[in-house]
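The structure appears below as structure tokens.
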Amino acid sequence: MSQDDVHHLIIGRKPVQELLHTAPEKIETIYLQNRPGRDLHAIIDLCRTLHIKFKRLPADKLHHIFPGNHQGVIARIMSKGFCTLDEVITSSLASPFPLVLALDQVQDPGNLGTLCRTLFALGGGGIIVPKNRSAFPGPAASRASAGALEKIPMAQVTNLSRALETCARAGVPIYGAGLGKDAASLFAARLVLPAVLVLGNEEKGIRPGVLKRCDHLLTIPMAGTFDSLNVAQAGAMIMGQFLRTRHAQKG
């Protein structure tokens, strides 16, 4: 375990209980030893009340997360603070490259970090991620982002479809990346900014309910035998095309 990983763990019953009472929004997951005693029931009750994700693990797996005296409870905390959705929208509208990425259950921290790095390098506005089944914005994502994760505004939302609806009400068009008969070639589509770009899960793509919120669907034409790219690669290509359009509009 790296030193960075340890810095994102809260160890022991009392420290975790204190965190649940004072800053539950900082908690990504709480790990509890299987068959906890009565002294851990209060933590489980708080997790359920506050809708904090928790997992019960056997002792050896808990020891793998932290090999010291953990008292049967470990909390993993976020490496960055989250903004509100309104703050991300406002930041995007004022940014040099007014594009927001909405990541629909992208689960690989490396992909999250790489997308953050690309968007930040291009001057992008921010990122929206759903609360559940998304990559943990911790040390692995931070390393892949080369520090961009801590600098770019990110909103964590309970319902991504509703968040996209909020963006649409603000007058921001929604583009989705994927396949299908309604998808337009990235290189032929009319791209406008400000915009939101939705990128889907590494295996399943964009969920149907989220896809319904997209005004336009974009696809990258493939000449080889593969029918898709890694989500970070595809995201970089689409962001590059948006940037090209941005410069053409200014010119």
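The values are calculated or read from the model by the stated rules, or taken from the named source; none is laboratory data. Source: prediction; values computed, not measured. Methodologically, a virtual Cβ is constructed for each residue, glycine included, from the backbone with ideal geometry; neighbour enumeration extends over all protein chains shown.
Selection of the stretch 131-160 for residues being more than 28 Å from T245 (Cα to Cα) and of a type outside the set (S, T, N, Q) yields K131, R133, A135, F136, P137, G138, P139, A140, A141, R143, V157. Take the conditions (1) of a type outside the set (S, T, N, Q); (2) touching a Pro at 6+ places or on another chain (Cβ under 7 Å); (3) more than 30 Å from P173 (Cα to Cα); C83 misses just one of them, which is (3). Being over 29 Å from F54 (Cβ atoms), surrounded by 19 or more Cβ atoms within 10 Å (Cβ to Cβ) and among the β-branched types (V, I, T) is a property that holds for V172. H63 satisfies every condition listed in (1) in contact (Cβ under 8 Å) with a residue 24 or more places away in the chain; (2) more than 30 Å from L243 (Cβ to Cβ) except (1). Is it the case, given these coordinates, that I127 is modelled with pLDDT of 95 or more and under 9 Å from the mean Cα position of the chain (by Cα)? Here the answer is yes, as I127 does meet what is asked.
The strands (runs of 3 or more DSSP E) located wholly in the stretch 87-205 that include 1 or more residues which are out of contact with any Lys or Arg (no Cβ under 9 Å at 6 or more places or on another chain) and either without any contact (Cβ under 8 Å) to a residue 60 or more places away in the chain or more than 30 Å from I10 (Cβ to Cβ) (or both) occupy 97-104, 124-130, 174-177, 195-200. Apart from one condition, R246 fits all of (1) surrounded by 12 or more Cβ atoms within 10 Å (Cβ to Cβ); (2) basic (K, R); (3) outside any helix (DSSP H, G or I); the exception is (3).
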